[in-house]
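I have placed the structure first, in the form of structure tokens, so that the comments after it can refer back to it.
The values are calculated or read from the model by the stated rules, or taken from the named source; none is laboratory data. Note that the structure is a prediction, hence the values are computed from the model and not measured. Heads up, the Cβs are rebuilt from the backbone with ideal geometry, glycines too, and the neighbour counts pull from every protein chain shown.
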Amino acid sequence: MANLLELRHVSKTYSRGLINAKSTVALQDISLTLKEDEPTIMTVAGESGSGKTTLAMLLLGFIPPSTGQIIYRGRDITTLKGEDRLAFRREVQAVFQDPFAVFNPFYTVDHLLTVPIKQFKLAKSGAEARAKMDEALKAVGLRPEDVLGRFPHQLSGGQRQRINVARALLLKPRLLIADEPVSMVDASLRASILETLRNLQRDHGVSIIYITHDLTTAYHIAKSIIVLYRGGIMEAGDVDQVIKSPQHPYTRLLVDSIPWPTLDQRWGSDTIKAREAGGSSVGCPFRTRCPMAMEQCKTQPPLYQIKPKQAAACYLHAEHSSIAAERLSDLLPVKSELEA
Amino acid sequence: MNMGQDQNPVLRVSNLEVTYYTDSGRAKALDDVSFTLNAGEKLGMVGESGSGKSTLALAMMRMIKPPGRIEGGRVEIGGVDLMSLSEEDMRQARLSKIAYIPQGAMNSLNPVTRIGAQLVDAIRSHGIKDSRAQVEERCVNALKSVDLDPAVFRMYPHELSGGMKQRVCIAIGILLQPSVIIADEPTSALDVVTQRQVMETIDRVKDQINAAVILIGHDMGLMAQFVDRVAVMYSGRLVEVSTVREMFTKPVHPYAAALISSLPNLENKGVFQGIPGLAPSLLRLPGGCSFHPRCAKVMDICKTTRPTTRMVQGNRLVTCHLYNEEA
């Protein structure tokens, strides 16, 4: 079975300063595999500064990894050239968080849709291009006559974000990197954008990497989840298991902080330790905030497989057998139980 | 609970109306909005984008800019109608009587001046003539009350994280101990853990100065965790105002009911139940009740007659023809 995308021990370190250069580890030794013929939705979750967006940038080939390789359909993406690179650019699409920043304020929003059509020669005539645009816009619940010909500032954030999704749709990608696509969108529109993404996966065979801090939407859309904290994988597995019974103290903090829209499930009353700036790069990255930190935590814990489809990097689960980082993808489900 | 009928509310908004005069016509962004709020009470203001939530906040601050205009209504705080104040008196009232924490507040800090200078400026511009040391102490105390280190006083905005900047904005908001704080989506750009910390901060400082808080947003989850009462806006009108328990267990307005049932929770995995149809443009509002084209319980009268706001089931406000007979 061919792999669509493979991350092999990818790390990314940012350094700043010429003299006394300080480096920040944004991602540490991440290995992941997405299969070509099994489109899935995988969530990458974590709070700000956990390396989520760095991962998105790496996957899109915007920045090279410091160590390790990113393999897309058998080729290292940093070595792609010419037509291969163009094909990669078309097949791997992105929807970004900020629906305000991706538009050029001097052009009407049509520009965002016509450029990719021209660039990738998707239409033979103007009429065909227009028909494609209309179809993509309707698929995300917009009325073409309402948005085409308008300038970005005349549209709401939700409309703009849906145009971004429409743009990605237009190109019929194989992999969509969605970096917080709904965090700036209304709750009622959120449902329709998530629905669009899910249909994309189900009906068009597009794999989606859904990057978010919002575990509620992750729970509803994804099959598997990876929880990042400061560049390291804290917990991974089936999204139902991880969210309903989180095993890592960090995942518990995240799940506890979800503002569930019910009155019976309130925020916990424990005070949260503030995140320290910097922090040491050895050992468990969460140990300075962890209520259960032990002496042992000063060395990096491996991933322990707690259940067939759940693993956590925490010594609290040391009685389970550990698994090698590159085998993590084997325990991530591709389909949810409902579909299987 | 009898909060809606308290005799001495700290804030009383009555018949507030705002219209934007655009090239393509008049858009009534606030239509006959009335509500009251007591000291220490937390009101959540929810609605889709374009429903008038932020316009309401700006109108209460008298910060509506042309082509928008406040057409009428009163905003009384402690018995004083803000609409009747002179420009200078209104400037003094902002921050000392009513504070506004805008959406994406972190971007409202000046990037080239220190946090301390921005706090001091807020105090000095309200004519407080205390000594420098006293003013500084007051600022540092405000920073401490939002869980920030006093060292932040000497820092620049870029040295702080998003959550910290948001807390600086809350600190500025409470500097002069206003009786009403309006927070417009204070946590929309923050992650869940930081969001919880910021909301807990707002809750704590609210108790310290016994202010009333209006939380504007569209995250019903946050509302369930934070507020006492929820007001639902739709195309410029308040369609329902209920306590948070009533709203989540038995919403009366069909739009509020659709909003509540569209919420994701742990039980209904994979079900995305949006509200059918699109929010109407304010320039082309449907006749009668503006929600009628999307309403599941639409009646003939809804298409022709505009419903009025009524008090039902004790002190819940609802704007819907379904409840005419109950009045």
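Points worth noting:
- Residue-level check: of (1) more than 13 Å from the chain's Cα centre (by Cα); (2) of a type outside the set (V, I, T); (3) facing chain A (nearest Cβ under 10 Å), B:N210 misses just (3).
- Out of B:G73, B:G50, B:G44, sole residue that is at positive phi and part of a strand (DSSP E or B): B:G73
- Qualifying residue in region B:146-154 (condition: out of contact with any Ser or Thr (no Cβ under 7 Å at 6 or more places or on another chain) and within 11 Å of chain A (Cβ to nearest Cβ)): yes
- Among residues of region A:200-234 being crowded, with 23+ Cβ neighbours inside 10 Å, away from chain B (no Cβ under 14 Å) and aliphatic (A, V, I, L, M), the one that is farthest from the chain's Cα centre (by Cα) is A:I233.
- Within region B:62-95, tally of residues that are within 22 Å of B:S125 (Cβ to Cβ) and crowded, with 18+ Cβ neighbours inside 10 Å: 7
- Some residue of region B:131-141 being closer than 27 Å to B:V193 by Cβ and surrounded by fewer than 22 Cβ atoms within 10 Å (Cβ to Cβ): yes
Results for (1) modelled with pLDDT of 90 or more; (2) away from chain A (no Cβ under 14 Å); (3) under 17 Å from B:P178 (Cβ atoms), shown as yes or no for each residue.
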residue	(1), (2), (3)
B:L11	yes, yes, yes
B:N15	yes, yes, no
B:T19	yes, yes, no
B:F35	yes, yes, no
B:S49	no, no, no
B:G72	no, yes, no
B:V75	yes, yes, yes
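- Scanning region B:234-248 for residues that are farther than 23 Å from B:L283 by Cα and touching a helix residue (DSSP H, G or I) at 6+ places or on another chain (Cβ under 9 Å) returns B:V241, B:S242, B:T243, B:V244, B:M247, B:F248.
- Residues of region A:224-258 that turn out to be modelled with pLDDT of 90 or more and among the charged types (D, E, K, R), as a count: 2
- Candidate set from region A:235-247 (those that are out of contact with any strand residue (DSSP E or B) (no Cβ under 6 Å at 6 or more places or on another chain) and within 10 Å of chain B (Cβ to nearest Cβ)); member that is surrounded by the most Cβ atoms within 10 Å (Cβ to Cβ): A:I243
- Options A:L148, A:L200, A:L189: the member that is of a type outside the set (S, T, Y) and touching a strand residue (DSSP E or B) at 6+ places or on another chain (Cβ under 8 Å): A:L200
- Wholly enclosed strands (runs of 3 or more DSSP E) of region A:1-96 bearing at least 3 residues within 14 Å of chain B (Cβ to nearest Cβ): A:41-45
- Matching entry among B:L215, B:L222 (being in a strand (DSSP E or B) and within 26 Å of B:G50 (Cβ to Cβ)): B:L215
- Verdict on B:I182 being part of a helix (DSSP H, G or I) and under 22 Å from B:N210 (Cβ atoms): no
- You will find that of A:R143, A:R75, the residue that is at pLDDT 85 or above, basic (K, R) and on the phi < 0 side of the Ramachandran plot is A:R75 and no other.
- Some residue of region B:167-184 being within 14 Å of another protein chain (Cβ to nearest Cβ) and crowded, with 22+ Cβ neighbours inside 10 Å: yes
- Residues of region B:187-198 satisfying the condition of being aliphatic (A, V, I, L, M) and within 8 Å of chain A (Cβ to nearest Cβ): B:A189, B:L190, B:V192, B:V193
- Residues satisfying the stated conditions in region B:118-138, i.e. among the aliphatic types (A, V, I, L, M) and either in a loop (DSSP other than H, G, I, E, B) or under 19 Å from B:A99 (Cβ atoms) (or both): B:L119, B:V120, B:A122, B:I123, B:I128, B:V135
- Residue ID - nearest to the other protein chains (Cβ to nearest Cβ), chosen from residues in region B:229-264 that are within 15 Å of B:L37 (Cα to Cα) and surrounded by fewer than 24 Cβ atoms within 10 Å (Cβ to Cβ): B:V244
- Long-range neighbours under 9 Å by Cβ, at least six apart or interchain, first residue on the phi < 0 side of the Ramachandran plot within region A:12-35, second among the aromatic types (F, W, Y) and at pLDDT below 85: A:S23/A:Y14; A:T24/A:Y14; A:V25/A:Y14; A:A26/A:Y14
- Scope region B:148-159; condition surrounded by fewer than 19 Cβ atoms within 10 Å (Cβ to Cβ) and not aromatic (F, W, Y); matching residues: B:D149, B:P150, B:A151, B:R154, B:M155, B:H158, B:E159
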